[in-house]
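Here the structure comes first, spelled out in structure tokens, and everything after it is commentary.
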Amino acid sequence: MARYKDEQCRICRREGQKLFLKGSRCYTDKCSIARRNYAPGQNGQKRKKLSEYGTQLREKQKTKSFYGVGEKQFRKYFDMASANRGKTGEVLLQILETRLDNVVYRLGYGASRAQARMLITHGAFEVNGKKVDIPSYLVKAGDIISVREIRKDNGFIKLNVEENSARPVPEWLQKDAQNLNGKVVRLPVREDVDIPVEEHLIVELYSK
């Protein structure tokens, strides 16, 4: 699977806002946006006015970065959203939110979505009692996501539970930190998605 290999803080600086790609660091003064809130590179402080297409493209790239999704898979999700009832942009966000790596992150068992992907691929989680090691697995309402018994002593997970105890959990999820699991109460709606994205721009881009 193709992954962006560059320094993650450069992505946030290029987009001009926090994308929370590095976990707890993003909430401290060490965050690159707090120290250098301009694009990386020699001419980074000279932001150019974007065209309509450029604005739409940046919105798509930003959303891909948020969720750690490649172009091919993102397009697949868009086609899935287009085939479903409802507003395409909102359905797209719902699909992205229900990825297992995002759910693990939202529950606070991963410091970032990237770390959540790593933990999942290493076999740390199960869904409804069955091991799932595919970060892109899409959960459904009623699913129970749990840390596998043999992984409950994992240092990363223990630290995340401790550090993220105060992090709010979305209303569509229910967390049981004591038993290291969580439940998908319902599918997320637009109001549950707190990332600063204008999904209609992505729809306009793909509709050209």
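Any read-out appearing in this document is the output of simple, stated calculations on the displayed coordinates, not a laboratory observation. Keep in mind that this is a model prediction, so the values were computed, not measured. Glycine also receives a Cβ, built like all others from the backbone with ideal geometry; neighbour counts cover every protein chain displayed.
Taking other C-beta atoms within 10 angstrom as a stand-in for reagent exposure, 107, 187 fall in the order 187, 107, fewest first.
Can you give the convex hull volume per residue for the Cα atoms of region 120-170, as a whole number of Å³?
Details: hull volume 4.7 nm³, N = 51.
Normalising the Cα hull of region 120-170 by residue number yields 93 Å³.
Can you give the local net charge around residue 124? Use residues other than it whose beta-carbon is closer than 13 angstrom to its beta-carbon, Lys and Arg +1, Asp and Glu -1. Every neighbour counted, the sum reads +1.
Here is the link list: 49/208; 72/152; 131/158; 60/158; 72/175. Which ones come out longer than 28 Å on Cα distance? Walk me through the intermediate numbers first.
Numbers: 49/208 21 Å; 72/152 34 Å; 131/158 19 Å; 60/158 34 Å; 72/175 32 Å.
Over 28 Å apart, Cα to Cα: 72/152; 60/158; 72/175.
Applying 0.36 nm per residue to the separation of residue 162 and residue 55 and subtracting their alpha-carbon distance, the gain on full extension is 34.6 nm. Kirkwood hydrodynamic radius of region 100-187, from the reciprocal of the average inverse Cα-Cα distance over all distinct pairs: 12.4 Å. Counting charges near residue 75 (Lys, Arg +1; Asp, Glu -1) among other residues having Cβ under 14 Å from its Cβ returns a value of +3.
With Cβ to Cβ distances under 10 Å as the rule, what net charge do the other residues near residue 53 carry (K, R +1; D, E -1)? Show your work: numbers first, answer last.
Working: positive: 58, 208; negative: 52, 204.
Charge balance in the 10 Å sphere: 0.
Could you grab the relative contact order for region 100-187? Cα pairs under 8 Å, six or more apart, rounded to a whole percent. Dividing the mean separation by the residue count of region 100-187 yields 30 percent.
Starting from the Cα of residue 144, move 7 Å in the Cα-to-Cβ direction to define the label point; list residues of region 92-135 whose amide nitrogen is under 11 Å from there. Only 127-130 pass the distance filter.
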